[in-house]
Amino acid sequence: MCGIVGYIGNEQAAPILLDGLAKLEYRGYDSSGIAVRDNNEDTVVIKAKGKLSELAEKTDNGSAVKGCCGIGHTRWATHGAPSETNAHPHVSNDRSVIAVHNGIIENHTEIREKLLRQGYVFRTQTDTEAVVNLIDYYYKKYNIGPIDAIAKTMVRVRGSYALAIMFSDYPGEIYVARKDSPLIVGITENAAYTASDVPAILNRTRQVYYIGNLEMGRLTAGNVEFYNLDGDLIEKELTTIDWDAAAAEKGGYEHFMLKEIHEQPKAVRDTLHAYLKENGKGNTVNLEKTGISEEEIRACSQLYIVACGSASHVGYTAQYIIEDMCRIPVRVEMASEFRYRRPPLVRDGLVVIISQSGETADSLAALRHAKEEGLKTLAIVNVIGSTIAREADYVMYTYAGPEIAVATTKAYSCQLIACYLLAIAFGKARGLVTEECVSEYLEELETLPDKIARILEDKERIQWFASKFANAQDAFFIGRGIDYAVCMEGSLKMKEVSYVHTEAYAAGELKHGTISLIEKGTLVIGVLTQSEIYEKTLSNMVEVKSRGGYLMGLTMSGNFNLEETADFTVFVPKTDELFAASLAVIPLQLLGYYIAVARGQDVDKPRNLAKSVTVE
Ligand code: G6P
């Protein structure tokens, strides 16, 4: 994780770096630091433990630091505890080389030992310090330029990295390099920027280069040159970012999470409309822009959905829908397990990777493994140009726009829509869903944005309920089928932002152990949107109630008898049961959010978490 920024131009660098880091705090926030150089003066390095506000305070929002060239970092600790010493930037022994790093250097101990033998000393516990000194070592030993010294280092280290580097001999220049961790370069007439992600520089420029794997860059004011590992200059394509900068600001909401919850009607509509096509008789699903053909869909005999966190919960929901609608076996795998378990994969299977960031290390490794095994890969990704999007054979973008809160909401909802569309397209291509059914499904999907908006209008009721349960110790979410998949997401939402211990259980499984945890007043949330299994889940709720549990029921309008069993009932508008997850998840997102607010937690940046998990 960790966030990187760099700036070289004719303005004061530190405020720009701090501003950029503020947009990257979702990547990590246990310490931060900047290194800034004022022409030929020595470079100042300032660091602070804790949130970025500590660094801002130390530097008077950057205005106390002179100089127009600098790099900055916000950290999510991997090697070495969060502390001022371990915070980046890190300096080589004689300060010739200063760098910030995102990623993990797997052979840092070996490199440390090598450098210790050469007389280097180490002052931190970080893997980054080994890289900084290794660059310095090659730079001096072979008397070579920065690009060659960085290239030699890239060949020697194992692991993942995005690096922004300053050399004391080269004032007015910033060097960048990457492997597997994201890094972009932004450019204007008078300045150049680097950052881990687009929002960090969006209010400065929209002209962006994506640095490829094992590539390097040399930034000067208004210019950038790119190099390959041989040190040869390479050409790269400039991309214009067309995101709305305001979309990355809070826009009057108290938290990004609440803002993003409210953006769901639009995000869902945008994602849906991106893949619809009028065919004379109505709408049909059009996957042309993903690159996958109807023949390939028809030939596919098995789907593997691989993802992490909330994205994997989308996968579990999709499994129920696709298996039901298309009769294709679907396996859902957590990417961190899939990559090492090495399951036998059928050749004509399709691996679907779901990822908001498109940078999650485990999901990326799973994608590469699938490709090595000769399978085709389709990525459902939100961040345009991200590594997973670039490496997958087919890409189905979601149109959630930038998501800032660490806990995902709108990206999750868009991923669900993408999966519904895939299901319909597979069903149709395989002759299991008629054209008429396609139109009906799509008509129903068109109603979802307004239905989500209606649920949001009633959010105060959830807020009231959340305030009653703000002191809860535990909460259990139970449901069957698609409802169980929704429970997984509702449970994760609540625990990650409010720190209340929660668990999601398949309702029928509760009695095999977990029910022993139910005592008087334990909050149990039952999700019941599926009519075929409604009575079954209801019975499981009754079992909980007779053991003292306090019941919240979540169902579709019309199922009013739930009120007889549940102590508090939430109704969502009626929809096709296959798509019910899109509505049922909304009250659960709100519940997690409002409980966290009532408990005074830092909703957008929960402790120990990071939005983009670029380490295993
Ligand atoms: C992190 C985030 C989760 C997210 C997961 C997968 O843990 O906090 O919200 O679901 O990573 O991220 P991805 O970007 O691959 O969807």
Quick check on the range 233-251. Is at least one of its residues of a type in the set (Lys, Arg), surrounded by 16 or more Cβ atoms within 10 Å (Cβ to Cβ) and within 21 Å of residue 3 (Cβ to Cβ)? no
Name every residue in the range 297-312 that is part of a helix (DSSP H, G or I), within 16 Å of the ligand (Cβ to nearest atom) and open to solvent by 20 Å² or more (accessible area, probe 1.4 Å), in order of residue number. 309
Report whether or not residue 218 is at pLDDT 90 or above and in contact with an Asp or Glu (Cβ under 7 Å, 6 or more places away or on another chain). yes
Test result for residue 213, under 29 Å from residue 155 (Cβ atoms), at pLDDT 95 or above, open to solvent by 10 Å² or more (accessible area, probe 1.4 Å) and polar (S, T, N, Q): no
Any chance the range 361-370 includes a residue that's acidic (Asp, Glu) and within 10 Å of the ligand (Cβ to nearest atom)? yes
Does residue 420 meet the test of being open to solvent by 20 Å² or more (accessible area, probe 1.4 Å) and under 22 Å from residue 451 (Cβ atoms)? no
Examine the range 123-134 for a residue that is open to solvent by 30 Å² or more (accessible area, probe 1.4 Å) and over 19 Å from residue 176 (Cβ atoms), and state whether such a residue exists. yes
Out of the range 2-31, which residues are crowded, with 24+ Cβ neighbours inside 10 Å, small (Gly, Ala, Ser) and in contact with a Cys (Cβ under 7 Å, 6 or more places away or on another chain)? 13, 28
Quick count over the range 155-174, residues being farther than 17 Å from residue 45 by Cβ and within 29 Å of the chain's Cα centre (by Cα), is 7
Has the range 609-616 got at least one residue that is closer than 24 Å to residue 315 by Cβ and either free of Cβ contacts under 8 Å to residues at least 12 places away in the same chain or in contact with a Gly (Cβ under 6 Å, 6 or more places away or on another chain) (or both)? yes
Among 406, 395, which is the only one that is farther than 22 Å from residue 488 by Cα and either within 13 Å of the ligand (Cβ to nearest atom) or surrounded by fewer than 24 Cβ atoms within 10 Å (Cβ to Cβ) (or both)? 395
Has the range 137-156 got at least one residue that is outside any helix (DSSP H, G or I) and buried (at least 21 other Cβ atoms within 10 Å of the Cβ)? no
Answer yes or no: is there a residue in the range 450-462 that is touching a Lys or Arg at 6+ places or on another chain (Cβ under 7 Å), outside any loop (DSSP other than H, G, I, E, B) and either of a type outside the set (Lys, Arg) or more than 15 Å from the ligand (Cβ to nearest atom) (or both). no
Candidate set from the range 281-296 (those that are among the acidic types (Asp, Glu) and without any contact (Cβ under 8 Å) to a residue 24 or more places away in the chain); member that is farthest from the ligand (Cβ to nearest atom): 295
Residue check for residue 511: among the basic types (Lys, Arg), modelled with pLDDT under 95 and under 21 Å from residue 257 (Cβ atoms): no
Extreme residue, least open to solvent (accessible area, probe 1.4 Å), among residues of the range 578-616 that are more than 16 Å from the ligand (Cβ to nearest atom) and part of a loop (DSSP other than H, G, I, E, B): 580
Test result for residue 575, under 19 Å from residue 521 (Cβ atoms) and away from the ligand (no atom under 16 Å from the Cβ): no
Return the total of residues in the range 281-296 being part of a helix (DSSP H, G or I) and open to solvent by less than 30 Å² (accessible area, probe 1.4 Å). 1
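The values are calculated or read from the model by the stated rules, or taken from the named source; none is laboratory data. Keep in mind the model is a prediction, meaning the values are calculated, not measured. Ideal geometry is used to build each Cβ from the backbone, glycine not excepted, and the neighbour counts take in all protein chains shown. With ligands, DNA and RNA removed, areas are computed over all heavy atoms of the protein, side chains included. Shrake-Rupley method; radii C 1.70, N 1.55, O 1.52, S 1.80 Å.
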